[in-house]
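**Q** Please read through the structure below; I'll follow up with questions.
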Amino acid sequence: MDADAKARCVETVKLLGEFLDRELTSCEVQTVQGHLDRCPPCLKVYRFEERVRRLVRVTCVGECAPSDLRDQILARLKRPSIS
Amino acid sequence: MQVVTVVPRQGYSQSAMTLSESPRQPRAGVPSEERESFFEREVMQHLDALYRTALRMTRNPQDAEDLIQETMLRAFRFLDRFEPGTNLRAWLFKILTNTYINRYRKASSEPRVDSLDDSDGDLSLYRYLDSEAASRGGSVEAQVLDRFAEQDIKTAIEALPPQYRITVLLADVEGFSYNDIAEITNVKKGTVMSRLFRGRRLLQKALIDQAKSAGFAGGKQ
């Protein structure tokens, strides 16, 4: 890998987080997208990062508040001392 | 986005209270006669999201419930400061974060993460793993990601230093923008970005270490 190509990979990998977060400018998005289209190793990194992120999300989103917590909160607010 | 009146960037200790101490805004918040119905109708919709974040923050259900009780109580009290039409979800997460920090973070107990080794990180951990997996005739996906149980992921998240953990959760689980997270956690956007970058890398590292100790690709040689 020549130095320029490596620099482009390093730069792309650095921006992947923001790319996935949709926080890049449209110009930056094009640059990253263009590189991913041409560079299978970076595309694999992208897929890995996306996948880890999805795992985190799916794992945490599945958890709900205990059913009695809602009632406890509302009951507590209705006590006159609160407001 | 101006979720609440500006609070000082430094010193979390009084930040939730600053909400109540700040001068009255000319525009009214939720009128007191509508407070209860607004709370039940609008605020309680966010209970599950707040709870799951509290659970990862405190790392145990009882503390999470206590934290949520206190958060909701504060939210109720501060509702006259909330401007209907602005981002209620971000406003509530800001109260949650402030409450958590006030309650659980002892002064100057913030773990140092400067020691985190970034030198291996030019091309992400993945590249290293990928070549290691390929040399054994497999893929990272099959050897690392597919074998994680939910509990492994939770453990890895909970092992992150608090500020990194909160930032990663707000972004990856709750989907907040960098600007929202900056507002919620009282830091600059640049700090949000570096916390996310390092937090995610720490998380990947933790997952990979777990996979290795569980016998990644037949164990370390």
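**Q** Interface size between chain A and chain B, please: total buried accessible area, 1.4 Å probe, rounded to the nearest 100 Å².
**A** Chains A and B together bury approximately 4300 Å².
**Q** To check my understanding: the extent here is largest minus smallest coordinate of the Cα atoms along each principal axis. What are those three numbers for chain A, in Å, largest first?
**A** Cα extents, longest axis first: 71, 24, 17 Å.
**Q** Compare the Cα positions of A:TYR46, A:HIS35, A:ALA3 along the charge dipole of chain A (+1 at Cβ of Lys, Arg; -1 at Cβ of Asp, Glu; about the Cα centre) and return the one farthest towards the positive end.
**A** Of A:TYR46, A:HIS35, A:ALA3, it is A:TYR46.
**Q** Another question about this same structure. In nm, give the distance between the simple-model label positions of B:LYS212 and A:ARG51, each being 7 Å from the Cα along the Cα-to-Cβ direction.
**A** Taking the two extended label points, one gets 1.9 nm.
**Q** Follow-up. Any chance you could check the stretch B:165-190 for residues losing 40 Å² or more of accessible area when the partner protein chains are in, compared with the chain on its own (1.4 Å probe)?
**A** B:ASP172, B:VAL173, B:TYR178
**Q** I would also like to ask the following. Compute the normalised compactness of the stretch B:36-97: alpha-carbon radius of gyration over 2.2 N^0.38 Å, N being the residue count.
**A** Taking the Cα Rg and dividing by 2.2 N^0.38 Å, one obtains 1.07.
**Q** Continuing with this model, one more query. Through the Karplus equation 6.51 cos²θ - 1.76 cosθ + 1.60, θ set to phi - 60°, convert the phi angles of the stretch B:74-90 into ³J(HN,Hα) values in whole Hz; use x for Gly and Pro.
**A** Values per residue, Gly and Pro as x: 5, 4, 4, 5, 8, 4, 6, 9, 7, 8, x, x, 8, 6, 5, 4, 5 Hz.
**Q** Report which residues of the stretch A:28-49 become buried by 30 Å² or more of accessible surface when going from the isolated chain to the complete set of protein chains (1.4 Å probe; DNA, RNA and ligands ignored).
**A** A:LYS44, A:VAL45, A:PHE48, A:GLU49
**Q** Which ³J(HN,Hα) values in Hz, rounded to whole numbers, follow from the phi angles of the stretch B:194-202 under the Karplus curve 6.51 cos²θ - 1.76 cosθ + 1.60, where θ = phi - 60° and Gly and Pro get x?
**A** In residue order, the calculated couplings are 6, 5, 5, 4, 6, x, 5, 5, 4 Hz.
**Q** Take A:LEU43 and A:LYS6, extend 7 Å from each Cα along the Cα→Cβ direction, and tell me the distance between the two endpoints in nm.
**A** 2.4 nm
**Q** Right, another one. Between A:GLU28 and A:ARG76, what is the FRET efficiency for a Förster distance of 51 Å, r being their Cβ-Cβ separation, to the nearest 0.05? Can you show the working numbers first?
**A** Working: r = 48 Å, r/R0 = 0.94.
E(calc), rounded to 0.05, equals 0.60.
**Q** Between A:ASP68 and B:GLU36, what is the label-point separation in nm under the 7 Å Cα-to-beta-carbon projection?
**A** 2.3 nm
**Q** Continuing with the same structure: Using a 1.4 angstrom probe on protein heavy atoms only, which residues from the stretch B:53-86 are buried by at least 40 Å² of accessible area when all chains are present rather than their own chain alone?
**A** Going by heavy-atom accessible area, the residues of the stretch B:53-86 that drop by at least 40 Å² are B:GLU65, B:GLN69, B:LEU73, B:PHE76.
The values are calculated or read from the model by the stated rules, or taken from the named source; none is laboratory data. Every value quoted in this text rests on a predicted model; they were computed, and no experiment measured them. No Cβ is skipped: glycine too gets one built from the backbone with ideal geometry, and neighbour counts run over all protein chains shown. All accessible areas refer to the heavy atoms of the entire protein, side chains included, with ligands and DNA or RNA removed. Shrake-Rupley method; radii C 1.70, N 1.55, O 1.52, S 1.80 Å.
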